[in-house]
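Right, one structure below, let's go through it.
Values in this text are rule-based calculations from the coordinates and carry no lab data. All values derive from a computational prediction rather than experimental measurement. Every residue, glycine among them, receives a Cβ derived from its backbone with ideal geometry; neighbour counts consider all protein chains shown.
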């Protein structure tokens, strides 16, 4: 399916490297964007394109934290909760988010819309509390901004959210 | 002060090629292309530019290690920026991408490389559009690709994304990751300059380091050395976060004191008193007020048993629980340990557990000694710097804040140990 949909981009990506294996992390980003998480199918497809063993891809999925081994919500909210952010209220922010979404950290809302996670430093310590949602940064957050963001995302989802994802936009540069 | 690195703060739209060129952009590259590669390396060496990722190794010296006339070499830009408290390379990538590209092309010319990869952490994908746009502009303008600016030199450049692993900022782990493997470091030798990416000679330079290079070519090493101190010349972007009024990136000349930097950031938030500073994100030993007068240089914190590192300053106010702060940092290292070498994998795991139990009020006096013992067992035995760095917040917080650890332990025993001397007398 990746091949059919992104054939041109994948060829351009593979042409960058002397070894196909180098494209694996990129392709995993693309596969996850397509399938939601690193499903068996996603892993098999990436392995086929790179001509490597699926077990190797599975190992990478476990090692690199941006890949999800289990299904997640449509929007994954990853709140940076490292020391620098915690000094500016990230721990309280996570509690608030958890309460509002009515899910624990690592939980997904019943409607499959949101997953809440805490992550290590995202490199935006001066704008804490902050989070990334499907690789987009939301910074200088507070409760009101969080409410607003959640409402916006719900609305977008209802309207079919056809905005290209961050991964899709990046792949559009592969020429 | 006029910026050398954060020039986009002075010049609107600097990320556009047209604007960048109006302000001297790619003149450094042109100058480099008119010289021999050896001459370019000599200029960078003479400037004494040192690695801004934190290690402080001489950039020109690093380039000179690449074997001459090697048929295939690589320049890798390290934009993996994942150290807690560090957010400088992201600002450069988003706002001043051409200066990074120009610096990397000069590096490529100097070592005879025809393909540059910018290894960026996956979380920066949204910040990377600006860099991709800049690359596109360069291709169209003949600054990338074949026969760059009519010089006969050809080079391509691509962005490469990681996927959430701090360890990939370590150069050998970065190389492994780019090759499609787990991001785990290897034990040097072989050094990347001899056997790096695809076993070919490779230079890995930090993003900020490369952003220094174009201006060095344009204005010369003496101009560069007029900033900073003799051993630590040049400008430096300092990332300030934590309990300050105005967190953010500050470009300064090295040699400015930590106290001055705190003042630039508006001092401690809410008029509170300063308590402690993580001077290099999670990776440098904690310092206290006696170190605030020290200069921000590669050597400045040596008398205080600490380091400048990537200059990621996390300030803590008087109300901060230092056992909690230490716990946050050791959790980071435990999570980010790549698992390859035993001292780091096991050591960070146990340090985390023991600090956690002291923090939770389940610790004993012996646990404080246990922490020192685990850290001692890791010191000098880890495969890479991550493991070595992970012990520094623990050891330094025990040195400076032992009473806080003791108070936690005492509270765990219902407060009875608050008077150990009296307890001994009764027995």
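The table below lists the values:
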quantity: Beta bridge orientation in chain A: antiparallel %, DSSP, nearest 5; calculated: 55
quantity: Residue mean of other protein chain beta carbons inside 10 Å, B:175-182; calculated: 6
quantity: Relative compactness, the range A:75-159, computed as alpha-carbon Rg over 2.2 N^0.38 Å; calculated: 1.00
quantity: Rg/Rg_ref, chain A, where Rg_ref = 2.2 N^0.38 Å and atoms are Cα; calculated: 1.11
quantity: Value in Å of the Kirkwood radius, where the range B:165-306 supplies the Cα pairs that are averaged; calculated: 17.6
quantity: Pairwise Cα inverse-distance average, inverted: Kirkwood Rh of the range B:356-418 (Å); calculated: 12.4
quantity: Relative packing of peptides A:119-125, A:146-152 - highest average C-beta neighbours within 10 Å first; calculated: A:119-125, A:146-152
quantity: Contour excess over end-to-end distance, with Cα ends at residue A:110 and residue A:70 and 0.36 nm allotted per residue; calculated: 12.9 nm
quantity: Whole-angstrom Cα spans of the range B:53-122 along principal axes, big to small; calculated: 39, 24, 20
quantity: Projected label distance in nm at residue A:3 and residue B:31, using a 7 Å step from Cα toward the beta-carbon; calculated: 5.2
quantity: Descending principal axes extents, chain B, alpha-carbon based, whole Å; calculated: 89, 45, 37
quantity: Cβ neighbours within 10 Å from other chains - mean over B:155-165; calculated: 5
quantity: Antiparallel DSSP beta bridges within the range A:75-159, percent to nearest 5; calculated: 55
quantity: Top of B:347, B:267, B:24 by mean-square fluctuation, Gaussian network on chain B, Cα under 10 Å; calculated: B:24
quantity: Computed lengthening from residue B:402 to residue B:151, 0.36 nm per intervening residue step minus Cα-Cα distance; calculated: 84.1 nm
quantity: Shielding score for A:54-66, defined as the mean number of other chain Cβ atoms within 10 Å; calculated: 4
quantity: Calculated FRET efficiency for the pair residue A:51/residue B:372, C-beta based, R₀ 45 Å, to 0.05; calculated: 0.35
quantity: Compactness relative to 2.2 N^0.38 Å, alpha carbon Rg of the range B:271-427; calculated: 1.09
quantity: Candidates B:319, B:89, B:146, ranked by Gaussian network fluctuation over chain B, Cα under 10 Å, top entry; calculated: B:319
quantity: Viscosity 0.692 mPa s, 37 °C: Kirkwood-radius Stokes-Einstein D of the protein assembly as shown over Cα pairs, µm²/s; calculated: 131
quantity: Residues in the range B:244-263 that a label on residue B:223 would reach, taking backbone N under 12 Å of a point 7 Å out along Cα→Cβ; calculated: none
quantity: Rounded to 10°, Cα long-axis angle of helix A:90-101 versus longest principal axis of chain A; calculated: 90
quantity: Per-selection Rg to Rh, the range A:2-69 - Cα, Kirkwood hydrodynamic radius; calculated: 0.93
quantity: Bridge type composition, chain B - antiparallel percent by DSSP, nearest 5; calculated: 40
